[in-house]
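Engineer: Handing you this structure, nothing more for now.
The values are calculated or read from the model by the stated rules, or taken from the named source; none is laboratory data. Quick caveat: nothing in here was measured; it's all calculated off a predicted structure. No Cβ is skipped: glycine too gets one built from the backbone with ideal geometry, and neighbour counts run over all protein chains shown.
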Amino acid sequence: MKLQNKKIKYSNHGLSLLEVVIAVVIMSAAFFPIFGLFSNNTKRQFQLVNLTYANYIGKRIIEKSISLIQSSGDFDNLETDTPLGVAVDSKYPISDFFKDFDLTGINETEYPTLKQELKHYYFTLSLNDVLTMEKNPNIKRLEITVFYENIYNDKKGKVVLNMLLSRYKQ
């Protein structure tokens, strides 16, 4: 069997308009879903940052509340059911107890913009009786609701934290 060299004929005509349109449709069909993933990821990232900051603030408020109750032995020192700001430049007043609410010890790499964004956070405290068989005035449920205003998309959100407090001194 003899092998013959066959010459491949090339066309100098280029691509037709139909081929170009089909290629553009295929490229755009792949581009828009990928672009949507990136923009959705950015929105979720801002939501997670707000939730992280709100949880951090709530945790600090719980620590301060426990400290106050343990030192005074009284629940009456907590300002409840009033929106309170976290930062000095907040649009909500800061409670006397939380005027010394500082954020010393913040890991700047973990919370890089927290100090600048604190003015968009505020909270309320509420003390409720614990539902048990017998009413115990020495135990209360502290509910902390941290509200935030997202400066990136004008949405508001909240995080609710609950904690049982006892006025018994150790």
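Engineer: Name the residues in the range 72-91 that are farther than 24 Å from Lys115 by Cβ and outside any loop (DSSP other than H, G, I, E, B), would you?
Structural biologist: Within the range 72-91, Ser72 is the sole residue that qualifies.
Engineer: Does Leu48 qualify as being modelled with pLDDT under 80 and of a type in the set (A, V, I, L, M, F, W, C)?
Structural biologist: It is false that Leu48 is modelled with pLDDT under 80 and of a type in the set (A, V, I, L, M, F, W, C).
Engineer: Related question: So Thr132 passes all but one of these: (1) in contact with a strand residue (DSSP E or B) (Cβ under 9 Å, 6 or more places away or on another chain); (2) modelled with pLDDT of 75 or more. Which condition number does it fail?
Structural biologist: So the condition that Thr132 fails would be (2).
Engineer: Next up: Under the condition of being surrounded by 11 or more Cβ atoms within 10 Å (Cβ to Cβ) and among the acidic types (Asp, Glu), which residue from the range 126-148 is farthest from Lys59 (Cα to Cα)?
Structural biologist: Asp129
Listed here are the residues, each with its yes/no results for (1) touching a Ser or Thr at 6+ places or on another chain (Cβ under 6 Å); (2) at pLDDT 75 or above; (3) among the hydroxyl-bearing types (Ser, Thr, Tyr); (4) over 15 Å from Ile144 (Cβ atoms).
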| position | (1), (2), (3), (4) |
| --- | --- |
| Ser71 | no, yes, yes, yes |
| Asp76 | no, no, no, yes |
| Phe98 | no, no, no, no |
| Gly105 | no, no, no, yes |
| Glu108 | no, no, no, yes |
